[in-house]
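The structure appears right after this line, and notes come after that.
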Amino acid sequence: MTSTTPSTNPSTTSSTSQSSSSSESSSSDTGNALVTSQGRTTIADSVVAKIAGIATRDVSGVHAIGGGAARAVGAIRERIPGSRTNHSQGVSVEVGERQAAVDVELIADYGVSIVDLADGIRRNVISSVERMTGLEVAEVNVTVADVFLPTEDNQDSKNDDDYDNQPPPRVQ
């Protein structure tokens, strides 16, 4: 997981190469922190998906995770008494012995730079998954399925009673 950058100073190049070689040989002997001489740790796909989902929600500019169908199922699930929030909704992962790949589908808030949002999600997901699981994250693919407009939520949630309780217009 730790990478060394090549040094341009000739006196440190040999020590950098030696430390890089020794760390590579020690990691290839044991695989990684998940495979030791004392046993093997296996992490389920659902664990990585949950970590990635929570890390994605923590990024400012993410309105919701999942596309239309995933969010509809999630909304139905949340209305069932005693049910829990599905933190891995809209997240799919592929977990290998040493690496994980993550795909996230989301709805972005309007006005947010989607490029910056995707970069922030990648950084947060990679950091969280690698720190918590010891797996190397090979890639994080971000799909923006929609953009949330604040007026959409207001129109969807209004009913006739809401119009009766509205203050009078400020401008005639």
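The values are calculated or read from the model by the stated rules, or taken from the named source; none is laboratory data. Worth saying up front: this structure is predicted, and the values here are computed from it rather than measured. Note that each Cβ is placed from the backbone with ideal geometry, even for glycine, and that neighbours are counted across all protein chains shown.
The table below lists the values:
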{"quantity": "Boolean, Ser92 is assigned to a loop (DSSP other than H, G, I, E, B), modelled with pLDDT of 65 or more, among the polar types (S, T, N, Q) and under 17 Å from Val142 (Cα atoms)", "calculated": "no"}
{"quantity": "The range 101-142, residues that are assigned to a helix (DSSP H, G or I), closer than 20 Å to Thr42 by Cα and in contact (Cβ under 8 Å) with a residue 24 or more places away in the chain", "calculated": "Val125, Ser127, Ser128, Val129, Glu130, Met132, Thr133"}
{"quantity": "Residue among Ser3, Ser46, Ser60 that is at pLDDT 75 or above, on the phi < 0 side of the Ramachandran plot and either in contact with a helix residue (DSSP H, G or I) (Cβ under 7 Å, 6 or more places away or on another chain) or assigned to a loop (DSSP other than H, G, I, E, B) (or both)", "calculated": "Ser60"}
{"quantity": "Enumeration of residues in the range 110-141 that are in contact with a helix residue (DSSP H, G or I) (Cβ under 8 Å, 6 or more places away or on another chain), under 15 Å from Asp58 (Cα atoms) and surrounded by fewer than 20 Cβ atoms within 10 Å (Cβ to Cβ)", "calculated": "Asn124, Ser127, Ser128"}
{"quantity": "Qualifying residue in the range 65-88 (condition: modelled with pLDDT under 90 and part of a strand (DSSP E or B))", "calculated": "no"}
